[in-house]
1. Kirkwood Rh over Cα pairs of segment 1-65 into Stokes-Einstein at 20 °C, 1.002 mPa s: D in µm²/s?
2. Which distance in Å, rounded to a whole number, links the C-alpha centroids of segment 10-50 and segment 67-94?
3. Mean separation of Cα pairs under 8 Å and 6+ residues apart, divided by the residue count of segment 1-90: what relative contact order is that in percent?
4. Starting from the Cα gyration tensor of segment 34-86, multiply each eigenvalue by 5, take the square root, and state the resulting semi-axes largest first in whole Å.
5. Loop only by DSSP, 16 or fewer other Cβ within 10 Å of the Cβ. Give me the trypsin sites (Lys or Arg not before Pro) in segment 32-77 that pass, ordered by residue number.
Amino acid sequence: MTPDSVDDLYEQAVHEPAFSNSDEGYGWMDNWCDRCVHDKSARSKTEVGPGCPLVLVALMGRRPMQWLDGPRDQHGRYSIADQYHCIEFRSEDDGPSPEPTPIPTPPGQGELLPREPFEVVRMLTPLPNPAMAEVA
Ligand code: SF4
């Protein structure tokens with residue numbers, strides 16, 4: 001996760017609570033964090049770990065910038081499970097590594113620019129939610 005410091009994540013976060021009440025918070029985390037590798041240690045009975053730092057930021061009263069708004073209908077309504085789309089989400093079923101692996105530069109390929117400064121958080125565009133289209 002970039003950055004991996006809770007203090008930095010907290011500083012970057014939006015200065016407003018992520019959820020209006022605990023039902024919203026737990027409903028969203030049930031859908032996202034309960035199957036994400038970044039929070040696996042927090043729910044494991046055998047692993048010991050701190051859990052996801054983004055969840056900690058939310059529990060401290062700020063909305064992580066990695067949580068993009070999920071689909072809204074024309075009235076601004078959203079489903080609790082899809083209120084945000086977390087761009088750091090990695091499913092436990094994604095494979096052995098929780099981190100995305102950049103495609104290596106092919107052998108003999110010249111590079112005009114160093115890659116490292118540009119390997120940052122991916123910004124994904126959320127897809128329309130068909131369930132919300134039925135509500136509209
Ligand atoms: S990375 Fe996102 S989805 Fe995964 S545990 Fe953290 S907040 Fe939840």
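Quick note: the coordinates plus some simple rules give every number you see, no bench work behind them. Because the structure is a prediction, the values reported are computed rather than measured. Ideal geometry is used to build each Cβ from the backbone, glycine not excepted, and the neighbour counts take in all protein chains shown.
1. On the way: Rh = 12.3 Å.
D = 175 µm²/s.
2. Computed from Cα coordinates, the inter-centre distance equals 13 Å.
3. Numbers: 111 pairs, mean separation 33.2, N = 90.
For segment 1-90, the relative contact order is 37 percent.
4. Details: eigenvalues 140, 32, 12 Å².
Taking √(5λ) for each eigenvalue gives 26, 13, 8 Å, largest first.
5. Values: sites: R35, K40, R43, K45, R62, R72, R77; in loops: K45, R62, R72, R77.
Those satisfying the criteria are K45, R72, R77.
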